[in-house]
Amino acid sequence: MSESAVLTRDQEPPPPLPTSLTEHAYRHLRQAILSGKLQAGAPLRQEKLSNELGISRLPLREALRQLDSEGLVVLRPRRGYYVALLDTKEIEELFDIRAMMEARAGYLAAVNRTEKDIAEVGEILEQLDAVAFREPLDAQEFYRLNRLFHHRFFASSQRAHLCRLLSSVHDSLDPYIRMGEGIQSVEESQDDHRNLFEALRAGDGELVARLCREHCEASCRRLIKSSS
């Protein structure tokens, strides 16, 4: 029998958990995972975490469920939550899909780009450069701008459905990239981004498609190497 089935007519469902407590726990744990403070495979003991955060287990569990939905933690039956491990096969499959889709979207972006597209992609690239070579590196801001660069780049293709599908693949890869690739790849990524931008500006669809595939392949190699 479900919990709702045992409520009487005079009873009401419990009030929603305080968003601020859940958000506090979510942000704290997410940052600890992405920064490497909580390493892949580490157990997440709820009693210990709730004491450290000064909150009850209810908002903590809600935060863990959010992280589970993002692929950053996994729930193991009768054992509790753990920081997710990098799955090499899944990484390779997702990057294969991403490479195929980005090659097509990149080709179309170069063919269909406008002066506005070039200007806006270039502006985001400048912001990325500013963050990438600032000490200390703001990893979260770099990841945010990196995602924005790719989104705006492929939006130049004028293929909304393709871009939505590609965004879904990026969503699936994002937890892996944040956990595993690390900041050592920032300079290489920026070299790739500059080359992509120059090819976009030149309208060279074949070159953009090739660079997109190579960028995906290099990112995949770095990510798998970091997990070994």
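The values are calculated or read from the model by the stated rules, or taken from the named source; none is laboratory data. Fair warning: this is a prediction, and the values are worked out from it, not measured in the lab. Virtual Cβ from ideal backbone geometry, glycine too; neighbours counted across all protein chains shown. These area figures cover heavy atoms from the full protein model, side chains too; ligands, DNA and RNA do not enter into them. Shrake-Rupley method; radii C 1.70, N 1.55, O 1.52, S 1.80 Å.
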Requested in this report: Search the stretch 175-185 for residues being under 15 Å from the mean Cα position of the chain (by Cα) and assigned to a helix (DSSP H, G or I), and hand back the single one that is modelled with the lowest pLDDT.
Outcome: 183
Report task. Answer yes or no as to whether residue 75 is in contact with a strand residue (DSSP E or B) (Cβ under 7 Å, 6 or more places away or on another chain), modelled with pLDDT under 95 and not in a loop (DSSP other than H, G, I, E, B). Result -> yes
Report task. State whether one or more residues within the stretch 153-171 are out of contact with any helix residue (DSSP H, G or I) (no Cβ under 8 Å at 6 or more places or on another chain), assigned to a helix (DSSP H, G or I), at pLDDT below 95 and not aliphatic (A, V, I, L, M). Result -> yes
Query - residue 194 being among the basic types (Lys, Arg) and out of contact with any Leu (no Cβ under 9 Å at 6 or more places or on another chain) - result: no
Query raised in the report: Does residue 173 count as under 15 Å from residue 96 (Cα atoms) and touching a Ser or Thr at 6+ places or on another chain (Cβ under 9 Å)?
Result: yes
**Report entry** For residue 99: the one exception among (1) open to solvent by 20 Å² or more (accessible area, probe 1.4 Å); (2) within 26 Å of residue 34 (Cβ to Cβ)
**Finding:** (1)
Query raised in the report: Can you tell me which of 79, 194, 164 is open to solvent by 50 Å² or more (accessible area, probe 1.4 Å) and under 25 Å from residue 42 (Cβ atoms)?
Result: 79
